[in-house]
Every structure is written in C-alpha cells, then in structure tokens.
Amino acid sequence: MKTIWIIANWKSNKNISEALDWVSKVGSKLPKKENLKVVICPRFSCLSEVKAAIQVGNFPIMVGSQDLSSFEPGSYTGEESASLLSELVSLAIIGHSERRKNFSEDDQIVAKKTTQALANNIIPVVCVQGSDTPIPEGCKLVAYEPTWAIGTGNADTPENANEVAEKLKERYDIGLEVLYGGSVTSQNVKEFIVQENISGVLLGKASLDTEEFIKIVKECAGEAN
Ligand code: PGA
C-alpha cells in the first residue's frame, strides 16, 4: 500500500465565507487514514481562517499554499515568504503551469522557491509538464500536469501518466512521489491512483465542489492504508 496524496488547488476562487463553508461541509466526511493525505490550498488571504477552522474541527486536512516567494522576508512588496508562511502551511505548490505562463516563472525561480520551502519545513510540490522538466534538488514530490489537460476536461490517459511518472523516477530519484493533475474527476480518479508509479492527484476544478471532492477522497481511500 502506498501513501495517496489528494491536493486541492483552489486557484483564485472562493471568498472567506465560501472557503469556510467548504471546510465545514467536507471536513467531517473525510476518512481518517494515516496514508491518505488530503491537502487544501486556498488563496493566501484565506489561509489563516481555513487553518483555524480545520483545527477547531480536528479534520484530517493539511493546509498548503499555491505558491511562495523565492526571497527571504524583507523588502519584497507583495511577496509571501516561506518563513512567514510556515506558520500556516505544511506544503506549497510550486511552478504551476499557470504561474509559468502568466507570471514568467522559469526553472531557476522554481528552484529558488523550492530551496525556500525546504529551508522552512514546507513540502514543495513541484509541477512539471513532462518527464523533461527539471526537478529542483531536494524535491521529493512532483505533480505531472500536461498543460493541455488542465481545465479542459481532457485528461491524459492513466497509462501515459504512469509512464511519465516512471521516467521521472528513473531520472531523478526512485523515491520520488509523482502525482497526476489535469481534469481529474470522481469518474476517472481511481484509474490514475491504481497506477504503480502514481501516488495521488492534484485537483483544480473538481476540488471546488464539496460533493465531488468528497467522492474523490472516498474513491482514493481504499488504495491508502
Ligand atoms: P483541473 O486543474 O483539475 O481543473 O484540470 C488542475 C490544476 O491546475 O492543477
């Protein structure tokens, strides 16, 4: 049995009351299993409230961010440094293709952000678009997310995702955990997580809806013990 990660990337969605409503509807419905890691990544400005609600409910949910700064704390207007974020998050998505495309993030910036995350005890989840994308040193968790599959309803095949994951592991580190992301739903999630080299999923759209998200977690729970 392997650890299964289910990471919800809410992107730029949900105001604070919508985020808290989601937590209260989903939190108590999730199975508690050691090898099932459920993470939600809200907007920066919701992190504090979301984290408090999870703690009060004692829900089996970790909190992550969708990004972090490549700089230390200091004179960097608008940035969220890893050291300050570490009070709130245990994981951070780094190098998502939407950041690479819209905010000119390149592999060097992704590597710097990964260094910041690791130095501050935040687990970096580095998004890669294929088996050739560089993986920064020290990164143990990556998400294979082909850009054409993101938000299109056109997921990669589980077999191809498994092959890409296998190549990544061979190239970098056999202990690397690889997630798949791109149009994952409650209908197709099981096919991905049963693949030998896939250790979970990164969800966008399907994570916004409470019922759909609960279904996805339940589909995954049987594979994690
Ligand atoms: P999607 O997004 O599930 O809506 O395709 C995935 C992602 O952007 O991580």
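Every number here is computed from the coordinates shown, using simple stated rules; none is lab data. From a predicted model like this one, the values you see are computed outputs, not experimental measurements. Using ideal geometry, Cβ is built from the backbone for each residue, glycine included, and neighbour counts are taken over all protein chains shown.
The loop-placed trypsin sites (Lys or Arg not before Pro) in segment 1-107, going by DSSP, that have at most 10 neighbouring Cβ atoms within 10 Å of their Cβ come out as K32. Fully extending the segment from T3 to S75, taken as 0.36 nm per residue of separation minus the present Cα-Cα distance, adds 22.0 nm.
Take the Kirkwood radius over Cα pairs of the chain, plug it into Stokes-Einstein at 10 °C and 1.306 mPa s, and you get 91 µm²/s for translational diffusion. Positive-end ranking of I123, A161, L84 along the dipole of segment 4-224, with charges on Cβ about the Cα centre, is headed by L84.
Straight-distance candidates among the aspartates and glutamates for linking to K218, with alpha-carbon spacing under 15 Å and chain neighbours fewer than 8 residues away dropped: E34, E191, D209.
Extension gain, E196 to E18: 0.36 nm times the residue separation minus the Cα-Cα distance gives 60.5 nm.
Among the listed pairs K2/K169; K11/K169; K112/K205; K169/K215, those with a Cα-Cα distance over 24 Å are K11/K169; K112/K205; K169/K215.
Coupling constants for segment 108-116 follow from the phi torsions by the Karplus curve (6.51 cos²θ - 1.76 cosθ + 1.60, θ = phi - 60°), and in residue order they are 5, 5, 4, 5, 5, 5, 5, 4, 4 Hz; glycine and proline get x. Size check on segment 54-185: the Cα extents along the three principal axes, sorted descending, read 43, 38, 30 Å. Look at where the Cα atoms of segment 69-109 and of segment 22-36 average out, and the two centres are 27 Å apart.
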